[in-house]
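I have placed the structure first, in the form of structure tokens, so that the comments after it can refer back to it.
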Amino acid sequence: MFVLRFLLAMVIAYFAGELAKKIKFPAIIGWLIVAMFLGEHGLNLLSPELISTKVYQSLMVLMQILVGSMVGYKLVYRDIKDSISKVFAMGISDLVVTFAVVTGSFALILHLLGLPIIAALLFGGIAIATAPAPPVSVVEQYDCSGPLSDSVPSMTAFNSVMVNIVFFPLVSVIGAVLNESSTSVLGSLLIMILAPILLGGVIGVVAGKLVGKGASKQQSFLIYLFTMLIIYALDNYLNWHVFTETQMMSLLAGIAGSCAFMNVVDPEKVPSLQMDLGPVHSYALMIFIVNLSIHLNPAALFDGGMLMVAYILIRALGKYLGCYLGAKISHAPKVVEKYMGVIMMPHSGVSIMFAGIAAYNLMGVYPELANLLQITISAAALIIEIISLPLAGMVYRKLGEAGKEKEKLARQEDLLPS
């Protein structure tokens, strides 16, 4: 029965994505919106009982690894080496400026509301996170290439690592201060971040070396998928049986494994591999997004209030300024300088997870503030996604980086008299 309900939910999500594409929206918007009504807040096809089963949770680990591989397989050093310094500058600037703008603004807002301003640090720590999958999925869907879209996988991968290095020590220290407890921040970070990167990286390198020059297109594809399955099996085992308190971030294992594989395999095989993996990544992303979105309550949109609006606007300002300044300092192309802040807006999934962790640390001392933070972030994440993803698609089309727009421009050039 659980299997049928899961399959029905995925079929509904698939057609919602197709409908979104028909009206020129990214498919992810259709998945996200319909998923809210597939869980306990709607049809209950993906009920709490179903999603708490070990089989379902293991499947979601596999989806995280495949979605991570969607980010990692674009990080081929020979293709991105010229932009690494620019990505580093933009990534650091994005983190620092967004954190400063959101933390400073919310310190003032919370003070005016008579609430403890220590929570401003949590709002700032959550705000720096960009959900890695949505920006990359828009690039994939619109078949984008160009200065802006080519920088997106590197930026999202960098953000995925750095936000965890910032957020978890921050929330651990605040939790220790509020609850008067001690915590091993370094040990947790090593397990959460370094362990999955090493796991994925080592397996990816070994597997990539096994793909000889004589391997066919199909053989290379199957070896890649088998590599992801090995990473999944080891990741799942370690998280269930070894790292029982602090878990490895499976998404990072997928990013590292895919990146390592693509950098050691024969360069001639990379383009066809990337093309063949498109459908695999698309379905994995759909399941991943549905799983994240079923926890969202549509009623939260009405509960967020003015604090939600303030968070959306202040975070948008921080993101835009951070990316703009970083691009300016690193002399990135003008289109990157102008639009990267828009592309880095998506916030769902990671922000909701961070909000839950932050609320847990506040709950014992400031329960009302904990609920307020969780409602604000959940509602804001949904609104940000609905606005930012179609906006990203419009940007790519406007710049001529989307596949169909490039074809259109080429046809127009062919019509010009020579």
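The values are calculated or read from the model by the stated rules, or taken from the named source; none is laboratory data. The shown structure was predicted, so the numbers you read here are calculated from the model rather than taken from an experiment. With ideal geometry, Cβ positions are generated from the backbone for all residues, glycine too; neighbour counts draw on all protein chains shown.
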**Item:** Selected residue (criterion: surrounded by the most Cβ atoms within 10 Å (Cβ to Cβ)) from residues of segment 220-250 that are of a type in the set (A, V, I, L, M, F, W, C) and not in a helix (DSSP H, G or I)
**Value:** 248
**Request:** Identify the residue in segment 294-322 that is assigned to a loop (DSSP other than H, G, I, E, B) and among the aliphatic types (A, V, I, L, M) and, among all such residues, is modelled with the highest pLDDT.
**Result:** 294
**Message:** Anything in segment 363-372 that is modelled with pLDDT under 85 and surrounded by 21 or more Cβ atoms within 10 Å (Cβ to Cβ)? List them, or say none.
**Reply:** none
**Message:** Show the residue pairs meeting these rules: Cβ distance below 7 Å; 6+ apart or different chains; first residue within segment 97-118 and in contact (Cβ under 8 Å) with a residue 40 or more places away in the chain; second residue part of a helix (DSSP H, G or I) and of a type in the set (D, E, K, R).
**Reply:** 98/315; 98/319; 102/315
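Conditions tested, residue by residue: (1) in a helix (DSSP H, G or I); (2) not small (Gly, Ala, Ser).
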residue: 108; (1), (2): yes, yes
residue: 114; (1), (2): no, no
residue: 137; (1), (2): yes, no
residue: 147; (1), (2): no, yes
residue: 165; (1), (2): yes, yes
residue: 171; (1), (2): yes, yes
**Request:** Give me the pairs, please: first residue somewhere in segment 35-49 and within 12 Å of residue 2 (Cβ to Cβ), second residue anywhere and hydroxyl-bearing (Ser, Thr, Tyr), beta-carbon distance under 9 Å, and either six or more positions apart or on two chains.
**Result:** 46/56
**Request:** Residues being buried (at least 16 other Cβ atoms within 10 Å of the Cβ) and either touching an Asp or Glu at 6+ places or on another chain (Cβ under 6 Å) or among the β-branched types (Val, Ile, Thr) (or both): count how many of those fall in segment 93-118.
**Result:** 8
**Complete:** With criteria (1) polar (S, T, N, Q); (2) surrounded by 18 or more Cβ atoms within 10 Å (Cβ to Cβ); (3) more than 25 Å from residue 87 (Cα to Cα), residue 272 comes up short on (2)
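So which residues in segment 125-177 are in contact with a Lys or Arg (Cβ under 7 Å, 6 or more places away or on another chain) and either modelled with pLDDT under 90 or within 23 Å of residue 197 (Cβ to Cβ) (or both), if there are any at all?
153
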**Fill in**
Residue count, segment 325-359, condition closer than 18 Å to residue 372 by Cα, part of a helix (DSSP H, G or I) and of a type in the set (Ser, Thr, Tyr), comes to 1
**Item:** The listed residue being in contact with a helix residue (DSSP H, G or I) (Cβ under 7 Å, 6 or more places away or on another chain) and either surrounded by fewer than 18 Cβ atoms within 10 Å (Cβ to Cβ) or within 27 Å of residue 233 (Cα to Cα) (or both), out of 60, 36
**Value:** 60
**Message:** Quick check on this structure: which one of 285, 296, 273 is within 15 Å of residue 227 (Cβ to Cβ) and in contact (Cβ under 8 Å) with a residue 40 or more places away in the chain?
**Reply:** 273
**Message:** Go through segment 116-135 and report how many residues are closer than 21 Å to residue 283 by Cα, in a helix (DSSP H, G or I) and not aliphatic (A, V, I, L, M).
**Reply:** 2
**Prompt:** Conditions: (1) in contact (Cβ under 8 Å) with a residue 24 or more places away in the chain; (2) of a type outside the set (Val, Ile, Thr); (3) part of a helix (DSSP H, G or I); (4) over 26 Å from residue 200 (Cα atoms). Residue 64 meets all but one. Number of the miss?
**Reply:** (4)
